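Data block below; observations after.
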Amino acid sequence: MNNTIQNTKYVELAYRVIDQKSGEVIVAVEFPIGYVHGVNDILAPAVTKELEGKSAGDVIEVPIDCNQLYGPRDESLVFTDRLENVPKEYREVGTTLHSENDKGEKQSFIVTRIDDETLTVDGNNPLCGRIVNFNLEILGVRDAVEEEIEAGGSIEKGPDIPDALTVPIH
């Protein structure tokens, strides 16, 4: 059995996303992620390409220009309002608010700043406008079972992580 990453292999990895300019760790997974290589597209194409042929124990670093993934930063998606107009449950930096316009288009906003009088939300993807390094550690590679191939990833029940707390990486 060949345990290098190739199509239809189940891959488990841990990763960190680091801002190249500041060195800040933007995202670090607490639980490893698993996916079936070549079946789903949870990772940026440049990351997927770099993983090909790698094995458990390998560590790679892939630079990504997030403007290519998410487009340029759009300042029209940043809003500031008086704190008194914002319900108390949203008055914490990092809180995600979900909205839908009259056309049914959904948009998420993250609370990015609070002071004594105002609260600011940002609808840009947190990686927008950044050049980052994806540092990935390959934890395991094996043949995927048919159910995993159909699902594109793990079929086991993992930790319950709300979508609002994850940062998309594709």
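With a 10 Å cut-off between alpha carbons and a GNM built on the chain, which of Glu148, Glu24, Glu61 moves the most?
The residue that fluctuates most here is Glu24.
Please compute the Cα-Cα pair-distance distribution of the chain with 5 Å bins starting at 0, giving whole percents from short to long.
1, 8, 14, 17, 17, 15, 11, 8, 5, 3, 1, 0, 0
What residue among Tyr70, Tyr35, Tyr90 shows peak mean-square fluctuation when the chain is described by a Gaussian network model with Cα springs under 10 Å?
Most flexible of the set in this elastic network: Tyr90.
Work from the charge dipole of segment 74-122 (Cβ charges, +1 for Lys and Arg, -1 for Asp and Glu, about the Cα centre) and give the residue of Thr118, Ser76, Gly94 farthest towards its positive end.
Gly94
If I model segment 74-122 as equal point scatterers sitting on the Cα atoms and use the Debye formula, what is log10 I(q)/I(0) at q = 0.20 Å⁻¹?
Evaluating at q = 0.20 Å⁻¹ gives log10 I(q)/I(0) of -0.66.
Work out the length of the dipole vector of the chain about its Cα centre, built from +1 on the beta-carbon of each Lys and Arg and -1 on the beta-carbon of each Asp and Glu, and round it to the nearest 20 debye.
340
Compute the Cα gyration tensor for segment 1-95, then decide on rounded, prolate or oblate, letting a ≥ b ≥ c be the square roots of its eigenvalues: rounded whenever a/c is under 1.5, prolate when a/b is larger than b/c in the other cases, and oblate in all that remain.
In terms of gyration-tensor shape, prolate.
Taking Cα centroids, how far is segment 20-80 from segment 100-129 in Å?
21
Each value in this text was obtained by applying a stated rule to the coordinates, not by laboratory testing. The structure displayed is predicted, hence computed values, not measured ones. Ideal geometry is used to build each Cβ from the backbone, glycine not excepted, and the neighbour counts take in all protein chains shown.
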